[in-house]
Amino acid sequence: MLECVMTQEEILHEAYVLSQAINRQTELENELKAMATQAKAQLAREEATIDTATQRITSGKMHKMIDVDIIPDYVSGVVLTKRRDTFEIIERRDMTARELQSELDMQEKETPTEGGPSVSAPEPGDKTVSDVEGPF
């Protein structure tokens, strides 16, 4: 091969080839950055999964949604929270003033009027929520 002076047309052609190569190089670099960002996000998700599983295995416990029943006992003035799956009483707390007032309001509405229904108090020996044994 011999060295030759390029014509104007050859120079324009090589400039076009150069610009195309630069554009493609920029596109590939951007794709590489996007793939690296995506891979980092995937790694972060896997690390989170590993951390969560490790904590669960170590503690032997996990958090999940469980249906519960809220049971007011107006006689004892407490509210119990009972799991529906195991029937375990998981919380026992005193009623708030508002909850106690709601019961009084309900009793006033149920007070017998002429010919209306009557409401009776619990009989001795009736079981109440306060009679339930368990860890409170």
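Being part of a helix (DSSP H, G or I), of a type in the set (D, E, K, R) and either modelled with pLDDT of 85 or more or touching a strand residue (DSSP E or B) at 6+ places or on another chain (Cβ under 8 Å) (or both): is that true of residue 99 here? Show your work before the answer.
Numbers: part of a helix (DSSP H, G or I): yes; of a type in the set (D, E, K, R): yes; either modelled with pLDDT of 85 or more or touching a strand residue (DSSP E or B) at 6+ places or on another chain (Cβ under 8 Å) (or both): yes.
It is true that residue 99 is part of a helix (DSSP H, G or I), of a type in the set (D, E, K, R) and either modelled with pLDDT of 85 or more or touching a strand residue (DSSP E or B) at 6+ places or on another chain (Cβ under 8 Å) (or both).
Taking segment 50-77 as the range and being assigned to a helix (DSSP H, G or I), surrounded by 10 or more Cβ atoms within 10 Å (Cβ to Cβ) and among the polar types (S, T, N, Q) as the test, the residues that pass are 52, 54, 55.
Before we move on, is residue 74 in the same structural domain as residue 93 (by TED's automatic domain parsing), among the aromatic types (Phe, Trp, Tyr) and out of contact with any strand residue (DSSP E or B) (no Cβ under 9 Å at 6 or more places or on another chain)? Break it down into steps so the answer makes sense when it comes.
Details: in the same structural domain as residue 93 (by TED's automatic domain parsing): yes; among the aromatic types (Phe, Trp, Tyr): yes; out of contact with any strand residue (DSSP E or B) (no Cβ under 9 Å at 6 or more places or on another chain): yes.
Yes.
The values are calculated or read from the model by the stated rules, or taken from the named source; none is laboratory data. Remember, predicted model here, so these are calculated numbers, not experimental data. Neighbour counts run over all protein chains shown; Cβ positions are idealised from the backbone, glycine included.
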